[in-house]
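Visitor: Here it is, the structure in full.
The values are calculated or read from the model by the stated rules, or taken from the named source; none is laboratory data. Just so you know, these numbers come straight off a predicted model, no measurement behind them. Neighbour counts are summed over all protein chains in view; Cβ atoms, including those assigned to glycine, are modelled from backbone coordinates with ideal geometry.
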Amino acid sequence: MQPKVGRSNLQAKVFKRPGTALGCFVFIVLFVAQALLSPALSQETDSQPLQVYGYKMAGDSLHTRIVIWFDKKPEPKWFLLRDPYRLVIDFAGTAFDVSPEDLKARGLVAQVRYGNIDTGRSRIILTAAGPFAVDKLEILENENSPGYRMIADLTATSTTAFDAALSQRVAGADPTAGTADRRIVPAAARSKLFTVVLDAGHGGIDVGAEGSTGTLEKTITLAFALELRQKLEQTGKFNVVMTRDTDKFLRLDERVRIAREHEADLFISIHADAIRYRSVRGATVYTVSDKASDAEAAMTAARENLSDKLAGIEVEEQKDDVADILIDLIRRETHSFSMRFADTLLGELSDTIKMINNPHRYAGFRVLRAPDVPSVLLEMGYLSNAEDEKLLRSAEWRGKAADSIVAAIESFAGLKGAGG
Ligand SMILES: [Zn+2]
């Protein structure tokens, strides 16, 4: 601060006597002196602490962008920490002027802390909700105002991918080389067991559909998912992960993030919808698509996608990175696996439970959008139909349906053929 204060004091003295010849002379001398001094002055300005004057986060549990505004060009150094998953960014001594409101948990970022670590060094620590990849961390000069901004893009990833990135950084790899392939884990690094993520639809404040006798969808889906987990685990062939195993609210993108965190081989979201037409009954298997197979499927997806809004969450539509060809290829492959599993599941289920007409349908379900995890959404029946509601509450019916799903998963996993 000293040089600036001195400079304005000099000018103030000069302007006190603007009319005199001496004043003019002094003004010119000082003007020249200032011009000569200015390189030194600007150097001293550089030694002043960096100033952070703005902080913003946007995105969801799958992709989150962090933007930090600086008065001068920062030279960040970053690294990763485990347990919990953290991104640590170090700067030269920095003065922070940020609103606590902007630091509130958002998307992948569960907590933001900052401060000085010693004289001349400052640190920002972002604690994440789960493993992530730093896709990009760059410094840009502001276009319409002075100063610079740091942009960091985080993407949810698996534990294995995070660990690989962590050891890569320890080994001193290029910190800016954040590419899509970090999110893809070599097959050898994966767990040997086929991992199934079971997603009991709704939960907590989001009760889902309601049956005529008061049955709540969130209760039925959890009971069914727990039973299915038990049956899958009994085979000893599967690693089963539940997105929730209690009555709690979970965002849709958080469900997808959990599937990616565990490198799921299959994601099954379990539901029991209700519609106006009380006579409609039977199970439906849905896969994801930009275009819905029919108007009913589009409405089902719209109802299921409401979950986040019911809980008061502002849903930000994420535009997928079109340039990311690798991800696009993976998405296509994943989609064909999702279609294959949907067919297998229909084959098994139609032997044991009642299916709707055209039981394989598709629409834009937010919970089915993991690019690398084959995903289906199973509407087991309609709570709006009295017969379906009765069956959904029956332990015997649930047991039969669960057995069929286990058979479908075994077939899909190729375990039957392998004699396992
Ligand atoms: Zn539902």
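Visitor: Hey, could you check segment 193-246 for residues that are in a helix (DSSP H, G or I) and closer than 14 Å to D273 by Cβ and say which is farthest from the ligand (Cβ to nearest atom)? Full working, then the answer.
Guide: The first filter runs over segment 193-246 and keeps only residues in a helix (DSSP H, G or I), leaving 217-234.
Keeping just the survivors that are closer than 14 Å to D273 by Cβ gives 217-218, 220-221, 224.
Values: E217: 5, K218: 8, I220: 10, T221: 7, F224: 12 Å.
Step by step, filter segment 193-246, then rank; the result is F224.
Visitor: Can you give me the number of residues within segment 268-279 that are away from the ligand (no atom under 15 Å from the Cβ) and either in a strand (DSSP E or B) or among the β-branched types (V, I, T) (or both)?
Guide: 0
Here is a yes/no grid of residues against (1) part of a loop (DSSP other than H, G, I, E, B); (2) at pLDDT 85 or above; (3) assigned by TED's automatic domain parsing to the domain that holds E227:
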site	(1), (2), (3)
T287	no, yes, yes
A301	no, yes, yes
G312	yes, no, yes
D328	no, no, yes
T334	no, yes, yes
F341	no, yes, yes
L345	no, yes, yes
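Visitor: Next up: Please verify whether segment 379-386 includes one or more residues that are within 16 Å of the ligand (Cβ to nearest atom) and among the polar types (S, T, N, Q). Explain how you work it out, then say what you get.
Guide: Within segment 379-386, the first condition is being within 16 Å of the ligand (Cβ to nearest atom), and the residues that meet it are 379-385.
Subsequent filtering for residues that are among the polar types (S, T, N, Q) retains 384-385.
Yes - at least one qualifying residue is present in segment 379-386.
Visitor: Out of (1) at pLDDT 90 or above; (2) more than 28 Å from S212 (Cα to Cα), what's the single condition that is false for K291?
Guide: (1)
Visitor: Could I ask something else about it? For I258, which of the numbered conditions (1) within 16 Å of the ligand (Cβ to nearest atom); (2) closer than 16 Å to T221 by Cβ fails to hold?
Guide: So I258 meets the others, but not (1).
Visitor: Being farther than 30 Å from L252 by Cα and either modelled with pLDDT of 90 or more or not in a loop (DSSP other than H, G, I, E, B) (or both) is the filter here, so list the residues in segment 115-139 that pass it. Before you say what the answer is, go through the steps one by one.
Guide: Kept after step one, since they are farther than 30 Å from L252 by Cα, are these residues of segment 115-139: 115-123, 139.
If the condition is that a residue be farther than 30 Å from L252 by Cα and either modelled with pLDDT of 90 or more or not in a loop (DSSP other than H, G, I, E, B) (or both), then G115, N116, I117, D118, R121, S122, R123, I139 are the ones that fit.
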